[in-house]
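The values are calculated or read from the model by the stated rules, or taken from the named source; none is laboratory data. Remember, predicted model here, so these are calculated numbers, not experimental data. Please note: Cβ atoms are built from the backbone with ideal geometry, for glycine as well, and neighbour counts cover all protein chains shown. Side chains are part of the model used for accessible areas, which takes the heavy atoms of the whole protein and leaves out ligands, DNA and RNA. Shrake-Rupley method; radii C 1.70, N 1.55, O 1.52, S 1.80 Å.
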Amino acid sequence: MSSEQNIIYQVQPGGKLTGTLRVPGDKSISHRSIMLGSLAEGVTEVSGFLEGDDALATLATFEALGVKIERPAAEKLRIHGVGMQGLTAPEKDLDVGNSGTSIRLLSGLLAGQMFNSTLTGDSSLSGRPMQRVTDPLALMGAMIASAEGKPPLHIMGGMPLAGIHYDLPMASAQVKSCVLLAGMYAAGKTSVTEPAPTRDHTERMLTGMGYEVEVNGDTVSLEGGGKLTATAINVPADISSATFFMVGAAIAEGSDITLQHVGINPTRIGIINILTAMGADITLSNEQETGGEPVADIRVRYAPLKGIQIPADQVPLAIDEFPAIFIAAACADGQTVLTGAEELRVKESDRIQAMADGLQILGIDAQSTTDGIIINGGVIGSGEVNSLGDHRIAMAFAMAGLQAGGTIFINDCANVATSFPNFIALANNAGLEIESIYA
Ligand code: S3P
């Protein structure tokens, strides 16, 4: 696994970001294209697919479940759907590596199958909470054994599922999606109410493939026993990957960068709203819709940033973007305060602590709180920080180099390949002086 190889990033100080680039495909949509394409009737053609370790783990899992998936060209898939009842028993455990989306969505899907299966992952994933999916699945009638609420998950096949209504205890698209996917195999209606809007890619793709989904305010529901019809899926560029370049351009004087064909689904645009509130100069153009998802080109030009109190309603809409937002806050004038973001403590790493520790090493006054962080903008120095094997921590600190006083070394960066395999090449092209050192 890539995470076993220590890759250190060495980032030289200074520079600015310019030019036009397209970051890789959206991770959430890439996962869902394989899952739903596999269960559809007919052949689903995917373009813009993210060839990162996480989505490739989902791909390998569906191959192990008997689905033929061709890769005719770069970023393209041809998925030969087997229909709702066509998956077959895997011969061994299904190892999804670092991917929380894979294990949580798959637990719902596999709970509805006639065969047993086991989901495992790497050391980071093995420490992450799974009770948030096993609890509602148990209410539906599933039998899943875990290691005290953590992976591996042993899922018993052949358990009849019944639809439930579930009030999500936390704003989580993974849990919402898990319950909905199990709901397709359940008798009757399954509905989920969320405490705040979370990404709705599952609902959009289900609808696009002909599975009726009802959305009523904060509640989404579907009836079990439906079917999916293959379709073409054009995956937009991932706004979560674009974020690093948006922040880099926002903090480095003279920057002017355009990110093409980025997904701007309203449940994902917290980064645009938060950076704009901090004073960033962001414009959208070429707005269009592709495969049920809105996309646009995003241009960011340098403008001085100021610290803000991050609005509570933006937290779920920017949940993966906070490591980068904290770098913007470190470069802003004044104080930035984040609250209500305790979910950040159970991501690929404890992102609040990882960022507070790294920012302090770089000379920034950053204090973690139970559910957020307080950052006083200042002068970024130099030093050696640890990404803790978390792709988004690694890429966030890479962008800090644009405003640093000296070289920044970032440890444990192999997992950048989970979401953004060509990050180093694109970052260098745009103007960041960064290289990988293999230790
Ligand atoms: C995701 C949902 C979010 C997000 C993750 C991808 C998804 O997780 O952080 O990167 O694809 O549904 P939570 O559901 O845990 O908030």
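Brief remarks on what is shown
- Over the chain, dividing the summed -39,500 (n - 2.57) contributions of all DSSP H runs of at least 4 residues by the number of residues returns a 222 nm mean residue ellipticity of -8500 deg cm²/dmol.
- The H on the amide N of Glu384, modeled in the peptide plane, is under 5 Å from the matching H of Phe409, each at least 5 residues off or on a different chain.
- Within the shell of other residues whose beta carbon sits under 13 angstrom from the beta carbon of Ile437, the net charge comes to -3, with Lys and Arg scored +1 and Asp and Glu -1.
- For the chain, the longest principal axis of the alpha carbon atoms and the long axis of helix 239-251 meet at an angle near 10°.
- Shape of segment 253-300, Cα gyration tensor, a/c cut at 1.5: oblate
- Cα shape, segment 187-261, gyration tensor, a/c 1.5 rule: oblate
- A 1.4 Å probe, protein heavy atoms only, puts the accessible area of Asp218 near 80 Å².
- Distances between placed amide hydrogens fall under 5 Å for Asp333 paired with Leu305, Lys306, Gly307, all partners being 5 or more residues away or on another chain.
- Exposure ranking of Lys176, Lys16, Lys347 by accessible area [1.4 Å probe, largest first]: Lys16, Lys347, Lys176
- Within the full protein context, the accessible area of His154 is estimated at about 90 Å² for a probe radius of 1.4 Å.
- For the chain, share of DSSP beta bridges that run antiparallel, in % to the nearest 5: 70 percent
- Angle between the chain longest axis and helix 27-39 axis [Cα atoms, degrees, rounded to 10]: 10 degrees
- Global form of segment 27-234, assessed from the alpha-carbon gyration tensor, a/c cut-off 1.5: rounded
- Accessible surface of the chain, 1.4 Å probe, proportion on carbon and sulfur as whole %: 49 percent
- Translational diffusion of the chain, µm² s⁻¹ [Kirkwood Rh, Cα pairs; Stokes-Einstein; 37 °C; 0.692 mPa s]: 151 µm²/s
- Between helix 322-331 and the chain there is an angle of about 10 degrees, using the helix long axis and the longest principal axis of the Cα atoms.
- Rolling a 1.4 Å probe over the protein heavy atoms gives segment 27-234 an accessible area of 36 Å² per residue.
- Residues whose amide H lies under 5 Å from that of Ala404, counting only those 5 or more places away or on a different chain, are Gly14; hydrogens are built 1.01 Å from N in the peptide plane.
- Relative contact order for segment 325-439: 23 percent, from Cα pairs under 8 Å spaced at least 6 residues apart, divided by residue count.
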